[in-house]
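Below you'll find the structure, written out as structure tokens, and then a few comments.
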Amino acid sequence: MKGDINEKDLLQGLARSDRKAIETIYRENYNMIQSLIINNSGSTDDAKDIFQEAMIVLYEKVRSGSFELNCLIKTYVYSVSRRLWLKRLQQMNHYAPALESLQDTVPVEDEIEENDRINNEFQAMDKAISSLGEPCKSLLEAYYLEKKNMQEIALSFGYTNADNAKNQKYKCLMRLKKIFFAKYKNGNGNE
């Protein structure tokens with residue numbers, strides 16, 4: 001992605017159902033919402049549902065044409081998701097006392113700041129994975145994202161057995177770690 005896309009452009013893209021804008025909003029906000037839901041009695045499926053609902057709310061607002069966003073997209077998505085999740089917890093009559101404390105004691109700014117830090121780490125990891133090269137990139141994605149086991153990976157990548165695939169995965173992880181820490185410490189993409 002070249003440069004930082006302007007928030008206004010992202011919202012206009014969302015209103016036009018532009019795939020790139022939607023993917024960018026998703027990529028930049030989903031992890032934050034997932035950790036909000038999981039840390040408050042939810043599952044990853046709940047997080048997907050709530051994020052989807054929040055995106056629909058945002059989509060309908062920007063489509064209305066009269067919507068003026070006076071905070072960051074992430075702040076808006078976060079507060080909508082938080083409200084939706086509180087409502088869902090109430091409907092399930094889930095942890096009523098915990099609900100009070102969630103409403104009262106979670107300063108949105110603090111959590112967003114923490115999530116910003118986590119998001120920055122995710123972005124740095126993303127860049128590190130991108131510069132990892134093949135077969136490491138695909139192998140790690142197969143294991144961590146596609147949840148394939150070593151046997152399946154050995155077959156897909158042509159290793160003689162699961163142990164060889166495991167050794168390769170370990171080497172790839174070590175390489176990734178090196179790239180990640182080099183980039184993350186420098187705060188830039190140069191090695």
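One residue stands out among those in segment 35-85 that are in contact (Cβ under 8 Å) with a residue 60 or more places away in the chain and not in a helix (DSSP H, G or I): the one that is farthest from ARG19 (Cα to Cα), which is ASN40. Here GLU114 meets each of (1) of a type outside the set (Val, Ile, Thr); (2) modelled with pLDDT of 75 or more; (3) surrounded by fewer than 18 Cβ atoms within 10 Å (Cβ to Cβ) with one exception, condition (2).
One residue stands out in segment 55-80 among those that are buried (at least 17 other Cβ atoms within 10 Å of the Cβ) and more than 19 Å from ASP9 (Cα to Cα): the one that is nearest to the chain's Cα centre (by Cα), namely TYR78. Checked against (1) farther than 20 Å from MET92 by Cβ; (2) assigned to a helix (DSSP H, G or I); (3) open to solvent by 40 Å² or more (accessible area, probe 1.4 Å), MET32 passes all but a single condition, namely (3). Scanning segment 145-174 for residues that are open to solvent by less than 70 Å² (accessible area, probe 1.4 Å) and outside any helix (DSSP H, G or I) yields LYS148, GLY158, TYR159, ASN161.
The values are calculated or read from the model by the stated rules, or taken from the named source; none is laboratory data. Only a predicted model underlies this, so the values are computations on that prediction, with no experimental measurement involved. With ideal geometry, Cβ positions are generated from the backbone for all residues, glycine too; neighbour counts draw on all protein chains shown. We work out accessible area using only protein heavy atoms, side chains counted, and drop any ligands, DNA or RNA first. Shrake-Rupley method; radii C 1.70, N 1.55, O 1.52, S 1.80 Å.
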